[in-house]
Amino acid sequence: MTGSHNGAVDDQFASAAELWAGLDEPWREAFRQAWEALQSGTIAVGACASSADGSIVSSARNRVFDSDGPHGEIFGSSLAHAEMNVLAKLEFHRHSNLVLTTTLEPCLQCAAAIRLGPIATVRFAGRDAYWDGCHDFGKLSAREAGRTQAVRIGPSRNELGVFGTLIARFGPRRSPRFERRLRAIGDGPVIDLVDELESTDEKDRVVDLEVDQAIAYLWPRLRKLAAT
Ligand SMILES: [Zn+2]
């Protein structure tokens, strides 16, 4: 896929490599975890928790479709989200002010678990329109309203953000009802790209790549969606 005869392809790989090289290690770890989830046949979301100096304390991936998992992680149920497994492995009262980095905007369940965990900052790449707005617990009670909430950084409006949302929408087990809801809330262009990749063997070929190679391979299409 490289070669000086094709400048456009070279540029595509240079741009993707530059983006990947510019990510800190927690971001790369979260995406590696998401990719392992995709390759394992479950929902492609990955996450990690890191300390202020960037050292990773806990990392995990979605395991809702897994029949097994490492000690201390949840698998095979609707609870088995990436962020839940990151938090489940943090010893009670041992950590504080951690950064939680995740490839997709946290859902209602994970936002609540983050609220209870030792997390000061949440960073997410892809927007999840389905759960957007489900993190503001200050609306629930006067006590919550008076409490300092975790800083939220996201979604990323670039190719990485599109990639984070895209990979979480892969999978033959996406129900038509859920797909209709996603289209209704503005995820149509991402779902169209998922369908395009899944209608041929292109998705399988992408999944066989490493995650940074997959970003490079999809780059022009991620760029197009990021621009919309
Ligand atoms: Zn979740």
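Assorted remarks:
- Spin-label model distance (nm) - Asp201 vs Phe65, 7 Å beyond Cα toward Cβ: 2.0
- Three principal axis extents of region 1-86 based on alpha-carbon atoms, in descending order, are 50, 33, 16 Å.
- Extreme residue, positive dipole direction of region 10-143, given options Thr101, Thr42, Ala112 (C-beta unit charges): Ala112
- Taking the number of Cβ atoms within 10 Å of each Cβ as an exposure proxy, the fewest-first ranking of Arg177, Arg147, Arg28, Arg61 is Arg177, Arg147, Arg28, Arg61.
- Overall Cα dimensions of region 74-113 - principal axes, largest extent first, Å: 27, 20, 16
- Prolate/oblate/rounded call for region 10-49, Cα gyration tensor, a/c under 1.5 rounded: oblate
- Residue-averaged [θ]222 nm for the chain, counting only DSSP H segments that reach four residues, each worth -39500 (n - 2.57): -13000 deg cm²/dmol
- Rounded to 5, the percent of DSSP beta bridges in the chain classed as antiparallel: 50
- A convex hull fitted to the Cα coordinates of the chain yields 131 cubic angstrom per residue.
- log₁₀ of I(q)/I(0) at q = 0.13, 0.21 Å⁻¹ - region 102-193, Debye sum with one point per alpha carbon: -0.49, -1.03
- Calculated on the Cα set of region 60-160, radius of gyration then Dmax: 13.9, 41 Å.
Since every read-out is calculated from the coordinates, none of them should be taken as a lab result. Small disclaimer: the values here were computed from a predicted structure and weren't measured. Note that we place each Cβ from the backbone using ideal geometry, even for glycine, and neighbour counts take in every protein chain shown.
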